[in-house]
1. Exactly one condition in (1) assigned by TED's automatic domain parsing to the domain that holds residue 94; (2) out of contact with any helix residue (DSSP H, G or I) (no Cβ under 6 Å at 6 or more places or on another chain); (3) surrounded by fewer than 20 Cβ atoms within 10 Å (Cβ to Cβ) is not met by residue 141; state its number.
2. Taking residue 212 as meeting all but one of (1) touching a helix residue (DSSP H, G or I) at 6+ places or on another chain (Cβ under 8 Å); (2) at pLDDT 90 or above; (3) in a helix (DSSP H, G or I), write down the number of the exception.
3. Condition test on residue 180, is it at pLDDT below 90 and part of a helix (DSSP H, G or I)?
4. Only one of (1) assigned to a loop (DSSP other than H, G, I, E, B); (2) modelled with pLDDT under 90 fails for residue 112. Which number is that?
5. Considering 279, 229, which residue is modelled with pLDDT of 85 or more and assigned to a helix (DSSP H, G or I)?
6. Any residue at all in segment 153-164 that's more than 26 Å from residue 42 (Cβ to Cβ), in contact with a helix residue (DSSP H, G or I) (Cβ under 7 Å, 6 or more places away or on another chain) and surrounded by 22 or more Cβ atoms within 10 Å (Cβ to Cβ)?
7. Out of 328, 272, 284, 297, which single residue is crowded, with 16+ Cβ neighbours inside 10 Å and not in a helix (DSSP H, G or I)?
8. Looking at residue 306 and the list (1) touching a residue at least 60 places away in the same chain (Cβ under 8 Å); (2) in a strand (DSSP E or B), which single condition is not satisfied?
């Protein structure tokens, strides 16, 4: 009888300990969920942009309305979130702005611009880098200038409108991070390793060709150097992508997950986006995840030249048409 009682008591203790562990784990997971949601709520900054019309078809893509449809060309009135729910291709404008860097407090300019298209049907993601000196019409400002000045003149909305018109595609989502944010995020994940394609010195840091261990300040210097790079702005954008990829890899490690509160704090302080929490959940769909695993990088070309004693990157019609057709096909606009 005593043996049976001991077994029962032992089982109760085991169940009790297991229950405490489960409750503790659930509480931890819930705390992460709350922290992530609070961060997303803080970072969520919707902007109103012009209704986009393709120049070749006249099709309307209205981000403020919602109707049903079967293909991207027919679902133009769907909101970006509804496009995700429908499993349609979407576009994202990534902006890296120089506000917060080197003590800057003014509006700043977009130091880097990348358009991302994700197509769950073809399981393909395309990243298009736009040189910041690209000469184009600044939509809503009544002049043509370097494309990175759009952010200085009219913030995120003017940047989106300008990119939409130049590339002849709708921009569904955006994410903006300031340069101070890059430094804080890298420090929050405990530093990163990057494989530099060349050796150079920038801001007092000596970078070797090959593996470099970087903290936040060094990562910022690594990403910003341009004049010593034989590839110029193209090389700089490549190094920016290396930093981003390294941060993503570090975020996936177990030790980094334990430091999630510091990471979320750095994100909420330096990131603005039109993504909502529900949008991130939708992106966990296997078709979208499969597309993200298959990335292709593109660069908007051009020729450097002077106009009124100012340097610009001039994109000819052949190159612009190539990129427009590529992105329109990825978004299934044709």
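The values are calculated or read from the model by the stated rules, or taken from the named source; none is laboratory data. Just so it is clear, the model here is predicted, and its values are computed rather than measured. With ideal geometry, Cβ positions are generated from the backbone for all residues, glycine too; neighbour counts draw on all protein chains shown.
1. Only one criterion in (1) assigned by TED's automatic domain parsing to the domain that holds residue 94; (2) out of contact with any helix residue (DSSP H, G or I) (no Cβ under 6 Å at 6 or more places or on another chain); (3) surrounded by fewer than 20 Cβ atoms within 10 Å (Cβ to Cβ) is unmet by residue 141, namely (2).
2. (3)
3. Details: at pLDDT below 90: yes; part of a helix (DSSP H, G or I): yes.
When the stated conditions are applied, residue 180 passes them.
4. Result: residue 112 passes all but (1).
5. On the way: 229 fails: assigned to a helix (DSSP H, G or I).
The unique qualifying residue is 279.
6. Yes, segment 153-164 contains at least one residue that is more than 26 Å from residue 42 (Cβ to Cβ), in contact with a helix residue (DSSP H, G or I) (Cβ under 7 Å, 6 or more places away or on another chain) and surrounded by 22 or more Cβ atoms within 10 Å (Cβ to Cβ).
7. Values: 328 fails: not in a helix (DSSP H, G or I); 284 fails: crowded, with 16+ Cβ neighbours inside 10 Å; 297 fails: crowded, with 16+ Cβ neighbours inside 10 Å.
The conditions single out 272.
8. With (1) touching a residue at least 60 places away in the same chain (Cβ under 8 Å); (2) in a strand (DSSP E or B) applied to residue 306, the lone miss is (1).
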